[in-house]
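The values are calculated or read from the model by the stated rules, or taken from the named source; none is laboratory data. Since the model is a prediction, treat every value here as computed from it, not as a measurement. Positions of Cβ are backbone-derived with ideal geometry, glycine not excepted, and every protein chain shown enters the neighbour counts.
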Amino acid sequence: MGHHIITEIENEKFEFTKRSRTIVGAIFVIGLILSIIGVVQLKGDNGAESHDTDATEQHDAEEHALNSETPASFASLQHGEEGTHEAPEHDAHAAEEHAADADHGDAGHGGGSWLTRLWSNILMNSYYFMLFAIAALFFIAVNYAANAGWATLVKRVAEAITSYLPVAFLTIVVVIALGHGELYHWIHYFKEGYAAGDPGYDKIMESKAWFLNNGWFFAGVPIIMIIWILFRTKLRNLSLKEDENGGTDYFRKSIRFSAGFIVFFAFSFSILSWLVMMSLDAHWFSTIYSVYNFAIAFVTGLTVICLFTLYLKSKGYMSAVSDEVVHDLGKFMFAFSIFWAYIFIAQYLLIWYANLPEEVIYYQMRTSDTFRPLFRTNIIMSFFLPFLILMMRNAKRNPKVLMLAGVIILVGHWIDLYLMVMPATVGDSASIGLLEIGMTMTFAGFFIYWVLNNLSKKALYPMNHPYLLESVNHDVGV
Amino acid sequence: MFEANIRKPLVTGGKTLTDVSNDICRPIENKPTKLWWLGFSISFLLLMVFVGTIGWTTWEGIGTWGVNKSVMWGWDITNFVFWVGIGHAGTLISAILLLFRQKWRMSINRSAEAMTIFAVICAAMFPLFHMGRVWLGYWPLPLPNAFGSLWVNFNSPLLWDVFAISTYFSVSLLFWYLGLIPDIATVRDRATSKARKFWYGFFAMGWNGSARNWHRYEVVALILAGVSTPLVLSVHTIVSMDFATSVIPGWHTTIFPPYFVAGAIFSGFGMVLTLLVIARSVLNLQDYITVEHLEAMTKVVMLTGSMVGLAYLTEFFIAFYSGVEYEQYAFRNRAFGPYWWAYWTMMSCNLLAPQVFWFKWARTTPWFIFIMSIIVNIGMWFERFVIIVTSLHRDYLPSSWVMYSATWVEVGIFLGTMGLFFTAFFLFSKFLPVVNMAEIKSILKSRE
């Protein structure tokens, strides 16, 4: 309190300078080069980049032959962990089928051809950057629906992030159209068309045919994303028209479209997360999975909004965004890191406690020797570090500390996604190498370029938004 | 704090600071109305039903209940979870809405918190008396074996419940009482009779409204708000784990924690609406608990109802996706088995009915909101009934499949807790200010 009230602000326009373009472009190009080197390296190594165990080496040739026709995930899921073999009923079918693979399944699947690994990386990054864009749209919609005023100043930043949605659409469509054979073993399974009694017939898989089918996968996913893009376009246009014409009509319309989007988002995002991510482990299931994906999306989306805002502020833009607004963005990052941890523990604890073979397999694969260090790092970086760093009031008002926390959150959830994808597709031969780093740099470079470019096109503040001055005069109170 | 001019005022009727004190203290300082006596008498009768049935249970034993071989304490647990759920709105309003700076909470937080406390007391009756020997009710505490008890099992979510709910109760009570102190002092200062001056003076703990008093008050309030925020989530998370850590089909599902929390908030707001729609007209508080407040609450009801609905559908989807036949049977049995009526009552009350709040008329018509709030209460009671009974009455052994029904004693106990709850609430509305005067005055000032 005690501030004087600001009643007018100057609008600003972001200029994406040549220098910045070069730097961001360089990230993209270097990423691309690293990825190519990574792929060439993997190909040269005959698909077994990390020879950590001797067992892997022995079975290498044999496995490679298998992988050329069957995605590694298939073998790894069926015969993944010792735990599987103790499983009484559900994995009985697994033991019977693909008897041919069974002998090497125990030896620790070295699997993962370079192609599987390449597609896994593309999938993971496509999905990760899509999460930012859709979460930013969700953030805009929630602020409308909840009549929240404080974040109005950063609305254009969030809008610019949503402009990435069409790109995300393209990358996801490319992955599912071209990479599905390497990633989703259920697609491969249904292509083979087993009849009951055949060796390799999988009763569980057959029972999922009503959902895991080409219709849902190849039509459902793109349709969902197209509708998201339509919502995005509508909300963006309303916002731009509001800039021109003023009045509260656009604002009221935006509230209605936001509410509609939130309802559609709740259902469609669940379906999308099941199809694109959960079906990588086609036998496994968890009811909280979609909420878990949402938790990742929202915390990372908020972080990306915050980081872009801090970047703009560091370049001298967004002077109307006070520490108070940044503070609240920091609070959201803090709160939703805790929310993620809550959802994580809900899934992990319940699966661990009940110890049902068809469920624990998921965590057994993710706490194997290969993945255990990352599994722990994920929890530390996605929860403990942001929790401890952002707990203090001053941390949320200090751009450097906030940036540090933001980067930790983003890397943490990158690992989070890595653990969702890689154990299911590449299996125990996965590691973080040039390909992983390069591919993420490629996507990040492109994403940043796209967002900043979009940001430079329109004014930075939605000047006629009825809550603009609330955001300008925002005060966290304590 | 700056506010956009399109926001509507939270308190209507052009009230001054004096008006606030007069309006809110009126029920305390005057003789209760006829309506109050009527409501109180009915509640008190129900309370006597509670005393009678619980007394009979204690005298005769748990055999008076409909406990049977596979459902066990179905009715008892249903009611326990029902009441604990209702107890969630209070803390949500006072802690989470405080963090989200929702100022409309100021008119309703006092009564919602009171409701929370009474609901938790009602809830506690069920686990306490289901033990049969209520005089050994301290056994769930981790006491040395010399007290006669055995060392408790820390692996059991039931024990986590003991800690979660007792913590929740203590913090809610403290938070509620702390907020009451300045208001009790106001009543004390206006008191005309000696008795009132003494008792309100006693509970005001020497509050004198000095800057020092207020400073300490605000520090403690903030700390308690911080402490109670995780409690909003933790209590029903742990209640959900009572079910979800088991391997019972229909119970063991990972979405239970957030889904139970959403359901609890949903039912809590349902009950807050039931109480406040009545209270605002009986106590003439329409200018403080305005239609705007009701509208905001209906939005929360719609949101949480839809979240719960999404969880129902997710559960159903995953059951059929999972390929686990037991899970599939549990859900088919829920929807189309002998308890189909309970399932569809739940679905229509919790998922479908709140969708009427998409319409402005439904959100702003008090009598309609009242009916909807009763529907929400019914729906959430049935949700617990469905979860508990349908998963247990047909277990892995078809020879022990049963139909479950409650006895008159159990029905009496449930109706009796209603009596306990409403009696407490009527007494609260007579003896304590139902709206937080101090806080309401703070938002009046900013609107001048």
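Okay, here's what the table says:
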read-out: Where a residue in segment A:390-413 is within 26 Å of A:D475 (Cα to Cα) and its partner, wherever it lies, is charged (D, E, K, R), with Cβ under 7 Å and at least six apart; value: A:L390/A:K396; A:K396/A:K331; A:R397/A:D323; A:P399/A:K313; A:L402/A:K396
read-out: Any hit, segment B:124-133, residues being farther than 20 Å from B:T417 by Cβ and surrounded by fewer than 22 Cβ atoms within 10 Å (Cβ to Cβ); value: yes
read-out: Scan of segment B:402-421 for residues that are exposed (fewer than 15 other Cβ atoms within 10 Å of the Cβ) and in a loop (DSSP other than H, G, I, E, B), ordered by number; value: B:V402, B:M403, B:S405
read-out: Tally, over segment A:188-226, of residues that are over 22 Å from the mean Cα position of the chain (by Cα) and among the aliphatic types (A, V, I, L, M); value: 5
read-out: So B:N5, is it on the phi < 0 side of the Ramachandran plot, within 14 Å of chain A (Cβ to nearest Cβ) and surrounded by fewer than 20 Cβ atoms within 10 Å (Cβ to Cβ); value: yes
read-out: Unmet requirement for B:G270, which otherwise passes all of (1) within 14 Å of chain A (Cβ to nearest Cβ); (2) closer than 30 Å to A:K331 by Cα; (3) not aliphatic (A, V, I, L, M); value: (1)
read-out: Residue within segment B:203-212 that is at pLDDT 90 or above, assigned to a helix (DSSP H, G or I) and touching a Ser or Thr at 6+ places or on another chain (Cβ under 9 Å) present; value: no
read-out: Residue in segment B:55-73 that is surrounded by 15 or more Cβ atoms within 10 Å (Cβ to Cβ) and within 24 Å of B:M437 (Cα to Cα) present; value: no
read-out: Members of segment B:316-330 found to be out of contact with any helix residue (DSSP H, G or I) (no Cβ under 7 Å at 6 or more places or on another chain), at the interface with chain A (Cβ under 7 Å from one of its Cβ atoms) and not hydrophobic (A, V, I, L, M, F, W, C), listed by number; value: B:Y321, B:S322
read-out: Residue match in segment B:288-306 (condition: within 14 Å of chain A (Cβ to nearest Cβ), closer than 22 Å to B:R332 by Cβ and touching a Pro at 6+ places or on another chain (Cβ under 8 Å)); value: no
read-out: Residue in segment B:134-147 that is part of a helix (DSSP H, G or I), surrounded by fewer than 20 Cβ atoms within 10 Å (Cβ to Cβ) and polar (S, T, N, Q) present; value: yes
read-out: Selection from segment A:286-322 of residues that are away from chain B (no Cβ under 14 Å), crowded, with 23+ Cβ neighbours inside 10 Å and of a type in the set (G, A, S); value: A:A297, A:G301
read-out: Helices (runs of 4 or more DSSP H) lying entirely in segment A:195-278 (those with 1 or more residues that are away from chain B (no Cβ under 12 Å) and without any contact (Cβ under 8 Å) to a residue 24 or more places away in the chain); value: A:221-245, A:249-276
read-out: Checking A:I380 against (1) surrounded by fewer than 19 Cβ atoms within 10 Å (Cβ to Cβ); (2) within 28 Å of A:I262 (Cβ to Cβ); (3) more than 14 Å from chain B (Cβ to nearest Cβ); (4) among the β-branched types (V, I, T), the condition it does not meet; value: (2)
read-out: Segment A:323-357: number of residues that are within 12 Å of another protein chain (Cβ to nearest Cβ) and over 25 Å from the mean Cα position of the chain (by Cα); value: 6
read-out: Those helices (runs of 4 or more DSSP H) lying entirely in segment A:393-478 with at least 1 residues among the hydrophobic types (A, V, I, L, M, F, W, C) and out of contact with any Leu (no Cβ under 8 Å at 6 or more places or on another chain); value: A:399-425, A:434-455, A:468-472
read-out: Selection status of B:S391, over 22 Å from the mean Cα position of the chain (by Cα) and within 18 Å of B:N350 (Cβ to Cβ); value: yes
read-out: Residue check, B:I388 assigned to a helix (DSSP H, G or I) and surrounded by fewer than 19 Cβ atoms within 10 Å (Cβ to Cβ); value: no
read-out: Residue check for A:Y418: over 25 Å from A:I296 (Cβ atoms), of a type in the set (S, T, Y) and surrounded by 21 or more Cβ atoms within 10 Å (Cβ to Cβ); value: no
read-out: Qualifying residue in segment B:230-252 (condition: among the small types (G, A, S), more than 19 Å from B:G85 (Cα to Cα) and surrounded by fewer than 23 Cβ atoms within 10 Å (Cβ to Cβ)); value: yes
